[in-house]
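The values are calculated or read from the model by the stated rules, or taken from the named source; none is laboratory data. None of the values given here were measured: they were computed from a predicted structure. We place every Cβ from the backbone using ideal geometry, glycine too, and count neighbours over all the protein chains shown. Heads up: the accessible areas ignore ligands, DNA and RNA and are worked out on the full protein's heavy atoms, side chains in. Shrake-Rupley method; radii C 1.70, N 1.55, O 1.52, S 1.80 Å.
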Amino acid sequence: MAMAALFNRASKTQTFNLLCRSNRILTSISSPIQTKPLKAPFQVRSAVTRADDVVAFDEMVAGIQRKYYMLGGKGGVGKTSCAASLAVKFANHGHPTIVVSTDPAHSLSDSFAQDLTGGALVPVEGVDSPLFALEISPEKAREEFRSKNQKSGDSGVKNLMDGMGLGTLSNQLEELKLGELLDTPPPGLDEAIAISKVMEFVETQEYTTFTRIVFDTAPTGHTLRLLSLPDFLDSSIGKMMKLKRKLASASSALKSLFGKKEAGQDISEKLEDKLGELREKMARVRHLFQDSDTTEFIIVTIPTVMAVNESSRLHASLRKESVPVRRLIVNQVLPPSTSDCKFCAMKRKDQMRALDIIQNDPALSSLRSIQAPLFDVEIRGVPALKFMGDVVWR
Ligand SMILES: Nc1ncnc2c1ncn2[C@@H]1O[C@H](COP(=O)(O)OP(=O)(O)OP(=O)(O)O)[C@@H](O)[C@H]1O
């Protein structure tokens, strides 16, 4: 409550304060951020600068065509805060919005200060248009998957997937008897569940009113597996189809040898159709991830050498997967200060080094860079997220 009051007040005055401990100077950070010239080497270009002045949130908010935004990066850099603040901003600009966390270690509930667990869409209070949040819970699903599957074979898988709203996929899996293959949850199940949810949003009637879908993705490795999953499944399905064909022709050869009717042929064709359907669905998801008209992956980083290096690798992998990337958020940049304490001065120097690496990296420097300041309070709850969104997404 106190925090909400603080943020209401803050967003009215658009002013936050940073206390520099050693020399007890209170420096105010305004939005738009003050850009007082500072002495080298601690000069910050601006706490919120952009490589391209036309970054504009206007471009992201324009149009009622459904758009998908995925935010990803190294652990702890502020992906959830950025994703949640973007979702709040979309909702406050009239877009019915869904924000989904595909990170097995969710922090969306913490970020909204609201219980969003349970694997279903939960309405978020305090925004102008409908905003729903969802934490996909692969960890729980993995455990249930294992125990139910052990108890009741394929039907356990089906019940579980039905329970998670993945009915269509589970029917297909059941008919294909793929449940048998999934007796032990394979690596990639988390990502498969997330992908299935994406498919649900894309193809289910009840979600058509939502015009913005924001994904708070898991740290880099998991996200890359998620993005490459359609390819992986596509090639697996391709292999299965080949196998089915070989088995079908072998069995029909045997049957004709013994003069029996080719009863297996129909089943084999049906299975092939189902595999083909699943394959098409995967191709649609793949296409969606690569469609620059509807989808954008936003890399979030912080100004440390380690985080920047990881962002560079993430960017290269996304390019390889042909996923559109246009923006780089450099979060937690020390705001301008006319006099730094020793600690802040050291920190600023470190940050400048990391920012230089970004500027000298041909791939990262080609992105629209948004520097988001380090706030002096934790960003939790809708009013705080609104405040952050108004600073970051402009
Ligand atoms: N610009 C900022 N200023 C101050 N605090 C911030 C800022 N951005 C994020 N934080 C804080 O940093 C912490 C981590 O942020 P967040 O959960 O958004 O990161 P994450 O990248 O999603 O983490 P994880 O990888 O663990 O999911 C939170 O306490 C959040 O409030």
Wholly within segment 291-371, helices (runs of 4 or more DSSP H) carrying at least 2 residues that are buried (at least 18 other Cβ atoms within 10 Å of the Cβ) = 305-320, 342-360
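Looking at the structure I just gave you, is Leu334 within 16 Å of the ligand (Cβ to nearest atom) and touching a residue at least 24 places away in the same chain (Cβ under 8 Å)?
yes
Yes/no matrix, rows are residues, columns are (1) within 12 Å of the ligand (Cβ to nearest atom); (2) at pLDDT 95 or above; (3) surrounded by fewer than 24 Cβ atoms within 10 Å (Cβ to Cβ):
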{"position": "Lys74", "(1), (2), (3)": "yes, no, yes"}
{"position": "His93", "(1), (2), (3)": "no, yes, yes"}
{"position": "Asp103", "(1), (2), (3)": "yes, no, no"}
{"position": "His106", "(1), (2), (3)": "yes, no, yes"}
{"position": "Gly119", "(1), (2), (3)": "no, no, yes"}
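Examine segment 339-351 for a residue that is closer than 26 Å to Ala113 by Cα, modelled with pLDDT under 95, touching a strand residue (DSSP E or B) at 6+ places or on another chain (Cβ under 9 Å) and within 16 Å of the ligand (Cβ to nearest atom), and state whether such a residue exists.
Scanning segment 339-351 turns up no residue that is closer than 26 Å to Ala113 by Cα, modelled with pLDDT under 95, touching a strand residue (DSSP E or B) at 6+ places or on another chain (Cβ under 9 Å) and within 16 Å of the ligand (Cβ to nearest atom).
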request  = Could you list, in sequence order, all residues of segment 368-394 that are among the small types (Gly, Ala, Ser) and either within 10 Å of the ligand (Cβ to nearest atom) or closer than 21 Å to Thr304 by Cα (or both)?
outcome  = Ser369, Ala372, Ala384
query = Can Leu86 be described as open to solvent by less than 20 Å² (accessible area, probe 1.4 Å), more than 11 Å from the ligand (Cβ to nearest atom) and assigned to a loop (DSSP other than H, G, I, E, B)?
reply = no
